[in-house]
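These notes concern the structure reproduced below.
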Amino acid sequence: MVRNSADAKIEEVTVVVEKKEKKKDSKLKYYLKELKKSPTGLFGATILLVIVFLGIFGNLVAPHDPMAMNLAQKLLPPLSEGHILGTDQLGRDMLSRIIVGTRISLIIGTATVICAGLIGTIIGIISGYFRGWVDVVIMRIVDVSLSVPFILLVLVISTVLGAGLKNIIISLVIAGWVAYARIVRGEVLALREKEFIVASVATGVPRWEIIVKHIIPNLYTPIIVLSSLQAANYIIAEAGISFLGFGVQPPQPAWGNMLSEGKDFIFSAWWLITFPGVAILLTALGINLLGDWLRDVLDPEYNK
């Protein structure tokens, strides 16, 4: 009898696990099916996949050493022998530098979204759920931060912290968490009035349990959509800060400092600023298109 009972429990657990796996597979198939129906979403996803691939394997894919200088081949135009996108003022291969520079943008976009999203989400939950003076103080800080243009705030913080990859990420996180905090606070204010939250409070469920089991699971959709759109803003902001000399420093290839180095040759060597600019444009476009698709497909009205 004991053995039969144990076998029955094992079979029950197995069935539950299989159902969860099938549910995950069905969701994945659903999203892939919807993505195929959206030309703009599919285009954005394709660009993002290429960016991720180049960010991870850029050093292996690059045809030349992005740091190697050859003054005898400086300012070669595109389609020159051995240099598809030409060379810069120091004879470095432009294609290799753009490919390797992808990693910087990928690191900054990913790290900033994760850190700013985590900080902003926690603060937004605290502000929206507990309210009172805590909410007032946090929202006044958010209002002051949002009253300053984002790029200007990042520039000021970068000036104080100094140049470098780590400092530019810190600057973007300090300036970027407020967007998450405001969105999450609004969602939490709406959720805490729902019947299932009110019932949980009335039955004496601890606050932390309500937040973990009921609040956070309902925040995934707005956070995912916001993150997909904010990532493009962070990459563009990094390029702007690096262009001004407060971001990633030469000779490390980054799209922003490549634009800065090429601005003096805008009329004699147009490719020095054109191709890094196109890389920034395509990356931001791909992320925004995928973000728009995510916003639509995760909208409950879309699935009716």
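Does the range 26-71 classify as rounded, prolate or oblate by the C-alpha gyration tensor (a ≥ b ≥ c root eigenvalues; a/c under 1.5 gives rounded; else a/b over b/c gives prolate, otherwise oblate)? Here the range 26-71 falls in the prolate category.
Semi-axes of the equivalent ellipsoid of the range 73-146 are 49, 12, 7 Å, computed as sqrt(5λ) over the eigenvalues of the C-alpha gyration tensor in descending order. Accessible surface of the range 54-298, 1.4 Å probe: 70 percent of it comes from carbon and sulfur atoms.
To the nearest 10 degrees, how steeply does helix 2-37 sit against the main Cα axis of the chain, on a 0 to 90 scale? So the inclination is approximately 40 degrees.
Ranking Leu282, Ala254, Ile119 by Cα position along the charge dipole of the range 54-298, where only Lys, Arg, Asp and Glu carry charges on their C-beta atoms, puts Ile119 farthest toward the positive end.
Potential lengthening of the chain between Ile151 and Glu81 amounts to 21.2 nm, from the contour at 0.36 nm per residue minus the alpha-carbon distance. Averaging the sequence gap over all C-alpha pairs within less than 8 Å and six or more residues apart, then dividing by the number of residues, gives the chain a relative contact order of 23 percent.
Legend: distances between Cα atoms for Lys166/Lys263; Lys74/Lys263; Lys33/Lys213; pairs beyond 27 Å are Lys33/Lys213. Relative contact order of the range 206-297, taken over Cα pairs closer than 8 Å and 6 or more residues apart, is 30 percent.
With angles folded into 0 to 90 degrees, how steeply does helix 94-130 sit against the dominant principal axis of the chain? Use alpha carbons for both and round to 10. The angle comes out near 30 degrees. In the range 34-180, the convex hull through the Cα atoms has an average projected area of 12.9 nm², a quarter of its surface area. The angle between the Cα long axis of helix 39-61 and the main principal axis of the chain comes to about 60°, on a 0 to 90 degree scale. Could you tally the net charge around Leu76, taking each other residue with its Cβ under 10 Å from the Cβ of Leu76, Lys/Arg +1 and Asp/Glu -1? Summing Lys/Arg as +1 and Asp/Glu as -1 gives -2. Determine Rg/Rh for the range 147-289; Rg is computed over alpha-carbon atoms and Rh is the Kirkwood hydrodynamic estimate from the same atoms. Rg/Rh for the range 147-289 comes to 1.17.
With Cα atoms defining each centre, the range 40-119 and the range 128-145 are spaced 41 Å apart in the structure.
Contact order, relative form, for the range 30-138: 21 percent (alpha carbon pairs under 8 Å, 6 or more residues apart, mean separation divided by residue count). Taken over the Cα atoms of the chain, the convex hull encloses 199 Å³ per residue. Rounded to the nearest 20 debye, the dipole magnitude of the range 54-298 is 500 debye, with +1 charges on Lys and Arg beta carbons, -1 on Asp and Glu beta carbons, and the Cα centre as origin.
The values are calculated or read from the model by the stated rules, or taken from the named source; none is laboratory data. Note that this is a predicted model, so its numbers are computed, not measured. Note that we place each Cβ from the backbone using ideal geometry, even for glycine, and neighbour counts take in every protein chain shown. Note: areas computed on protein heavy atoms with side chains; ligands, DNA, RNA excluded. Shrake-Rupley method; radii C 1.70, N 1.55, O 1.52, S 1.80 Å.
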